[in-house]
Amino acid sequence: MKLLIIEDEPQLLKSLEDFVSEEGFVFDSATRFQSAMERISLYEYDYIILDINLPDGSGFDLLETLFKKGKTDGVIILSARNSLDDKLKGLGLGADDYLTKPFYFSELNARIKAIIRRKQFKTNKLVRYANLVIEPDQYLVGIDDLENNISFTKKEYAILTHLINNHKRVISKVSLAEYIWGDYVDEAQSFDFLFSQIRNLKRKLKEAGAQVEIDNIYGVGYQIKTL
Amino acid sequence: MKLLTYTSRIQILYFLILFGIFSILFYLVLSWNVLQNVDEVLYNRKVNLLAYLQDNPDAPFKGDNPLDDFTFYPIEEAVFQRGKESYTDILIYEPVDNELDEYRKLTAFVKLQGKHYRLEIVKPHLEAAEMIGTIAITLGGLLLGLALSFYLSHRIISKKIWKPFFEMLEKLRHFRLDKQQLPELSTSPIDEFQLLNETIMDLVLKNMEVFESQKQFIENASHEMQTPLSVIQSRLEALIGQAELTKEQAEILEGIIGSTQRLKKLNKTLLLLSKIENRQFLLAEQVDVNTIISRSLEYYEEQKAALNISVKTKTQNRLVAQGNAMLTEILVQNLLKNAFLHNVEDGMLNIQTQDNKLIIANTGHEKQKKGPVLEKNKLFNRFYKQSGNPDTWGLGLAIAQKIAETNGWSLHYREVDDLHIFEVDFG
């Protein structure tokens, strides 16, 4: 799977590159509109992370070129402009997802994983991690198979899948809390709630005999690991 | 008091005072004039009478003759020497109409055919009471007519003249800087109003310009901040994944992450506010409020459990508001957040929808005798917060208010029996 990152801010580009290489993607990167145009005309990419505001052009023009070729499948737009018009325009041109800066890499990862799942065949849809099997469409989690699924609450399920999607990195508790509660709950409170959610999650996983462990990194973040 | 009423009143008052002064002056001038006339007539009569008696010495003049108006009284020479001609007012009983009438009497001392006489000539005088009456009636009528026609014409003219002014006022009253709509001021033939119109238009345009650039500034600044924030955030996330992190480093990182998050949220909120103000949202969507409420409530399960808050929801089958779905969600979310955040242990939260209305009532901290009192008029102001909670900015209700306003709804707050009630009218 090949990925193209189009981002003009060097620091952010570096972070994105670190992130995708960590996730095991083969990638190219472009910092300017022109070079990005060249790349998409020369090569085929499975996924494109596209920044809309480029110094020498608009990402929308790139998207339009891709649209004419019928290759907008797998494009994730990154934009500093959280306007509905932009969002509709981007998605209207066939982009798969739209993320507003600043975003969490865990969130970007979740979106990419969702697109991958969507692209894959139905038989391949199950997510496996350690001895856990997850069926994303029905929100089911089982050990080894889905026969005896573990009953999780909606939020526990969301936390677990988010941790598994991002098992290669530590997810800060801030980003995890935001992923679960969004802007609905105040941060300070959501940390307490997150703590108790994870405690329940750990207990249920242990009781079911899952071979995973959720590490707490000095209270800053969480990471799921296989035992 | 209206300008028109005020000027009319002052004019009427001046009119009355002037009328009083002029009436008195008129009376004085008139009575002096009459007196002069009567005296002149008396004098002429005396001169004519004496001349006639000089020419006709046989004419009988002595004795009181009721057919004439004069009487000669014989007097001593000494009296004649001392006597001086004088005019006096006298009252004479008139049996015909049974009253005392005013007369003017000339007393002269004359010498006829070698004898001395005191001559008295009497002429009826215009009566003061009658004069005053006549003056009062005629002048009063005149004044009343004048005042009335003056007042009416003044009103009509003023109304016509001030019409563009009041129109302008009305338009300015409805003018909102954030509505991006110039008030259309009608032109006036009066120079001063035209000048005022132009000045106001100038002022409005300048203000709109400033407001626009201010908004643009906030939006641009927020946008520009997003990229560096993304970098900071992504770098921090990368940092916490590093295995050799010590506890101390983790604590420092946690502080930085928390602050970055706060900055990010503040930035996002300000951006949202400026976007609402710039009307960058489609407002013609059909929004199912009940669905939003039930979906939003899911996020508060933990808070509900933590404080043991009893949540009661009483919803109508369907409450569809016309507006923007995303903004409506933020509005509901901010109101719920507020209701949970300021709630108390074992408190309650009542959510009710009815006839285009959403009512959210919650218990809250009891009013402290000392300490800050909830200032209702500031409740929806930006950055107003009563609690000392450093994690809030006091922007939630400001945003809720702004959303309601933008969608053409109204959001009210009231306090009933220790319940804090927020009511959204989707009318």
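Table for the structure above
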read-out	value
Calculated FRET value between A:Lys202 and B:Arg318, using beta carbons and R₀ = 56 Å, to 0.05	0.85
Distance between the stretch B:1-48 and the stretch B:81-116 - C-alpha centres, whole angstrom	30 Å
Neighbourhood net charge (10 Å Cβ-Cβ; Lys/Arg +1, Asp/Glu -1) for B:Leu411	-2
Rounded if a/c under 1.5, otherwise prolate or oblate - chain A, Cα gyration tensor axes	prolate
Solvent-accessible area per residue, Å², over the protein assembly as shown with all protein chains present [probe radius 1.4 Å]	55 Å²
Label point at B:Ile12 placed 7 Å out along Cα→Cβ; residues across the stretch B:135-159 whose backbone nitrogen lies under 20 Å	B:139-159
Efficiency of FRET between A:Lys68 and B:Asp202 - r from beta-carbon atoms, R0 56 angstrom, step 0.05	0.65
Over chain B: helical MRE at 222 nm, DSSP H runs n ≥ 4 each giving -39500 (n - 2.57), nearest 500	-19000 deg cm²/dmol
Distance between the stretch A:179-227 and the stretch B:245-261 - C-alpha centres, whole angstrom	18 Å
Exercise: per-residue mean of other protein chain Cβ atoms within 10 Å, A:218-227	4
Hypothetical label at B:Glu167: residues of the stretch B:180-199 whose amide nitrogen lies under 20 Å (7 Å Cα-Cβ projection)	B:181-199
At R0 = 30 Å, FRET efficiency that the Cβ-Cβ distance of A:Phe25 and A:Leu227 yields, to 0.05	0.65
Carbon + sulfur, % of accessible area of the stretch B:128-224 - ligands and nucleic acids excluded, 1.4 Å	67 percent
Cα gyration tensor category, rounded, prolate or oblate, for the stretch A:101-200 with a/c compared to 1.5	oblate
Average beta-carbon neighbours from other chains, 10 Å sphere, peptide A:191-200	2
Anisotropy class of the stretch A:72-121 from Cα gyration tensor, a/c 1.5 cut	oblate
Pair B:Ile252, B:His412: separation of 7 Å Cα→Cβ label points (nm)	5.6 nm
Within the stretch B:59-80, backbone nitrogen closer than 14 Å to the virtual label 7 Å beyond the Cα of B:Ile92 toward Cβ	B:64-72
Max mean-square fluctuation residue, GNM over chain B, Cα-Cα springs under 10 Å, options B:Glu192, B:Glu184, B:Glu120	B:Glu120
Additional length obtainable on full extension of the chain from B:Gln113 to B:Glu209, 0.36 nm per residue less Cα span	23.7 nm
Accessible surface ranking that places the most exposed of B:Val416, B:Val204 first, with a 1.4 angstrom probe	B:Val416, B:Val204
Cα centroid separation, the stretch A:86-101 to the stretch A:1-65 (Å)	15 Å
Radius 10 Å from Cβ of B:Ile351, net charge of other residues (Lys, Arg +1; Asp, Glu -1)	+2
Extension reserve of the B:Ser259-B:Gln354 stretch, reckoned as 0.36 nm per residue once the Cα distance is removed	30.1 nm
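The values are calculated or read from the model by the stated rules, or taken from the named source; none is laboratory data. Everything quoted here is computed from the prediction, not taken from an experiment. Because the Cβ atoms are built from the backbone with ideal geometry, glycine has one as well, and the counts that use them run over all protein chains shown. The accessibility values were calculated without ligands, DNA or RNA, using every heavy atom of the protein model including side chains. Shrake-Rupley method; radii C 1.70, N 1.55, O 1.52, S 1.80 Å.
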